[in-house]
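The values are calculated or read from the model by the stated rules, or taken from the named source; none is laboratory data. These figures come from a predicted structure and were not determined experimentally. We place every Cβ from the backbone using ideal geometry, glycine too, and count neighbours over all the protein chains shown. The accessibility values were calculated without ligands, DNA or RNA, using every heavy atom of the protein model including side chains. Shrake-Rupley method; radii C 1.70, N 1.55, O 1.52, S 1.80 Å.
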Amino acid sequence: MSGPAVHPVEAPPPTTEAAPPRVRMKDVQGMSGTTGALVLRLCQFAFATVSLCVMATTSDFPSVTAFRYLVGAVGLQSLWSLSLALTDVYALMVRRSFRNSGVVSLFAIGDGITSTLTFAAACASAGITVLIGNDLDKCNLNHCTRFMSATAMAFLCWFAVSPSFLLNFWSLASR
């Protein structure tokens, strides 16, 4: 009669090498907590603030709903961009980037909402500016150049917000 044979297994010799560090995705310039993100945020803030100031200095912007909407949208965009620029400055000072998915999702959702509002307001203001300037031919009675300048700054602000949104969304989706 034969029985099962048990052979002892020797443990592998201990290695003195440490385990290799986990590979993490590199910080792409423009993602939150990088110098690229800070530059984008400062551009967003500058364009939104210029658009807000130019539109607010005209006396007849409250008479058109689209212009009031533009002032509200770029006001919100300037506050959002300034607050995220401050968080980017903090992240650069402590040499850390944002890896928490909750924070990155908040940034992505906030960028998506503010960019949509800014784009919609810029499009509405552009439509009213074309109506006043080309269709009604009343630029001599209104501040058409100021309206056009504020609308152009709002579009430039939207162009600066779009990469921030896309990079934050990509960072969130790649987790």
Check: If you go through region 125-141 one residue at a time, do you hit one that is within 13 Å of M55 (Cβ to Cβ) and of a type in the set (V, I, T)?
Finding: yes
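Given the residues S83, S97, which is the only one that is free of Cβ contacts under 8 Å to residues at least 60 places away in the same chain and open to solvent by less than 70 Å² (accessible area, probe 1.4 Å)? I'd like the intermediate steps shown before the answer.
Values: S97 fails: free of Cβ contacts under 8 Å to residues at least 60 places away in the same chain.
Only one candidate qualifies: S83.
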Check: Of (1) under 26 Å from G36 (Cα atoms); (2) open to solvent by less than 30 Å² (accessible area, probe 1.4 Å); (3) of a type in the set (S, T, Y); (4) out of contact with any Leu (no Cβ under 8 Å at 6 or more places or on another chain), T114 satisfies all except one. Which?
Finding: (4)
Margin query: Being in a helix (DSSP H, G or I), touching a residue at least 60 places away in the same chain (Cβ under 8 Å), over 20 Å from A37 (Cα atoms) and among the basic types (K, R): is that true of R68 here?
Written below: no
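How many residues does region 23-35 hold that are open to solvent by 30 Å² or more (accessible area, probe 1.4 Å) and at pLDDT 85 or above?
Taking region 23-35 first, the residues open to solvent by 30 Å² or more (accessible area, probe 1.4 Å) are 23-29, 35.
From what is left, the residues that are at pLDDT 85 or above are 35.
The qualifying residues number 1.
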Next item on the list: Name, by its number, the condition in (1) β-branched (V, I, T); (2) within 11 Å of the chain's Cα centre (by Cα); (3) over 18 Å from M153 (Cα atoms); (4) surrounded by 15 or more Cβ atoms within 10 Å (Cβ to Cβ) that does not hold for I109.
Entry: (4)
Notebook entry, point to check: Filter region 36-79 for residues that are aromatic (F, W, Y) and open to solvent by less than 50 Å² (accessible area, probe 1.4 Å); which is nearest to S162 (Cα to Cα)?
Noted result: F67
Note to self: Can you pull out every residue in region 125-145 that is closer than 21 Å to A46 by Cα and touching a residue at least 24 places away in the same chain (Cβ under 8 Å)?
What the structure shows: S125, A126
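Any residue at all in region 8-17 that's of a type in the set (D, E, K, R) and modelled with pLDDT under 95? Before you say what the answer is, go through the steps one by one.
Keep residues of region 8-17 that are of a type in the set (D, E, K, R), which gives 10, 17.
After this cut, where a residue has to be modelled with pLDDT under 95 as well, the list is 10, 17.
Scanning region 8-17, I find at least one residue that is of a type in the set (D, E, K, R) and modelled with pLDDT under 95, so the answer is yes.
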Notebook entry, point to check: Going by the conditions given, is S171 open to solvent by less than 60 Å² (accessible area, probe 1.4 Å), in a helix (DSSP H, G or I), touching a strand residue (DSSP E or B) at 6+ places or on another chain (Cβ under 6 Å) and of a type outside the set (V, I, T)?
Noted result: yes
Checklist line | Which numbered condition D88 misses (of (1) open to solvent by less than 10 Å² (accessible area, probe 1.4 Å); (2) free of Cβ contacts under 8 Å to residues at least 40 places away in the same chain) | finding: (2)
